[in-house]
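The block underneath contains the structure these notes are about, expressed in structure tokens.
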Amino acid sequence: MSKLWAGRFQKELDREADDFNSSLHFDSRMFRQDIEGSIAHAAMLAKQGILTETEGAQIIEALGGILADLESGALAFDAEAEDIHMFVESVLTERIGDLGKKLHTARSRNDQVAVDLRLYLRDECAEIIGLVKALLEAVLEQAKAHADTIMPGYTHLQRAQPITFGHHLLAYCMMLIRDCGRLEDAVKRMNQNPLGSCALAGTTYATDRSDTSRALGFDGYTRNSIDGVSDRDFCLELMSAFSILMMHLSRFSEEVILWSSWEFKFVELDDSYTTGSSIMPQKKNPDMAELVRGKTGRVYGSLVALLTTLKGLPLAYNKDMQEDKEAIFDSVDTVKKCLRVFAPMIRTMRAIPENMYAAAGKGFINATDLADYLVRKGLPFRTAYKIVGQTVARAIEENVVLDKLPLETLKEYSPLFEEDVYQEISLETCVSKRISAGGTGPCSVREQIAYVEDFLSERSGT
Ligand code: ARG
């Protein structure tokens, strides 16, 4: 394909160099946004008298035809084209002759690619936010079903204090709500129109950037033409938000993997989200969770790759910036794929409350509550803490849990221990007495559920 810029050159581009330079194989996915941007641009040129009404209308009609043909498959991408912008423009010129060549008046590929990418990512973000909400619903459903299911809570992966499985899952709901917020914020900042920045300096034509902004659904236009074409902050912000989201999914995956091991057996994953081993017949592997954990590295990698690409670039556009697309596209694809399997994997996961309860009964998980018991009887917390430390040591020595130490033994450490102590340190009491706001007590868990439900219903329309 001869280059649209061929005029000042005597020789053709070397074949290998041509391939190296071409971005069509990855930027063709923005064909809709590219055409949408061109239609808005042509309409504005006509309104401003830069094109005649008829010229504008003919260009717009032909662009509509190209879009329809690409969508139906009647028109295939020409692998020889340098990028999606050049491809659409050359098909337009093939179809309507010299008039097609007028479309690029008062525009550059530099502002064109910036606008295409923003439009594309805006659509993708809406889809991703929807997928995060679908996952949030799945987690919430499990949290509601297990609002009273007692399990051990951990710090340092050591049994720490009893909690409910519902409370634990609600922690992930809070993370996912923040993830939605981060994505919405990034989209808000991204939704400014760079079209009209042209190559870098603006244009001598009397364009109307407010018009294209309105037509393309932007909240306004970028204020500095150099920034308009050089800025890729919106990609970095999105990739940061994706990285944090993936980090949450990865931590969740790690727990699902641990919980489904024989060592824990707190949950059983559904057959449809697990795989077998080619050699060990007994295996049921949590591959989906492992892959989500693994793919997190890849999303971080793209963020760091683009940050690094951009860090030494002088203003304004440099071809290095073409590298933005593979990084952000791969992140978008990866995040979507992960969310699509993660939500049903959580929805179909079966909790095993007996095992959680049995594990919570071990590990002196009610030691804090035993100390709180003494505090309620008047001892300072530090003193109570020390006494309980001694009773734990005694229980370990006798190979029993705290609840099984006889009252006479407890009394050796403090005369304040009475018969009611056993009731006070039962797992049920430990959980139900955690009445502080945001704690694992039933009242707080109910409040958290209501908070997540409110979030989902208020925003379900977006
Ligand atoms: N394919 C290019 C990119 O993705 C489009 C912009 C090219 N601009 C230029 N002046 N060569 O960045």
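Output the pairs from Lys11/Lys325; Lys265/Lys295; Lys265/Lys336; Lys362/Lys433; Lys101/Lys188 with a Cα-Cα distance over 23 Å in this structure; if there are none, say none. From Lys11/Lys325; Lys265/Lys295; Lys265/Lys336; Lys362/Lys433; Lys101/Lys188, over 23 Å: Lys11/Lys325; Lys265/Lys295; Lys265/Lys336; Lys101/Lys188. Relative to the longest principal axis of the Cα atoms of the chain, the long axis of helix 31-47 lies at roughly 50 degrees. Share of pairwise Cα-Cα distances greater than 40 Å in the chain is 41 percent (whole percent).
Projected label points at Glu61 and Thr275, each 7 Å from Cα along the beta carbon direction, are separated by 5.4 nanometres. Between 0 and 90 degrees, the angle of helix 442-459 with respect to the longest Cα principal axis of the chain falls at about 10 degrees.
Both radii are taken from the alpha-carbon atoms of region 187-241; with Rh as the Kirkwood radius, Rg/Rh is 1.00. By the rule of a C-alpha distance below 21 Å, with chain neighbours fewer than 8 residues away ignored, the lysines paired with Lys411 are Lys377, Lys386. Only one residue of Ala215, Leu236, Leu4 has its Cα farthest out toward the positive end of the dipole of the chain, where Lys and Arg carry +1 and Asp and Glu -1 on Cβ, and that residue is Leu236.
Residues of the chain were split at every exposed loop site, defined as trypsin sites (Lys or Arg not before Pro) in a DSSP loop with at most 11 other C-beta atoms within 10 angstrom, and the longest piece left, sites excluded, is 12-222. Remark on Ile50: its backbone amide H falls under 5 Å from none of the residues 5 or more positions apart or on other chains, H modelled at 1.01 Å from N.
Each value in this text was obtained by applying a stated rule to the coordinates, not by laboratory testing. Values in this document were obtained by computation on a predicted structure and should not be read as measured data. Ideal geometry is used to build each Cβ from the backbone, glycine not excepted, and the neighbour counts take in all protein chains shown.
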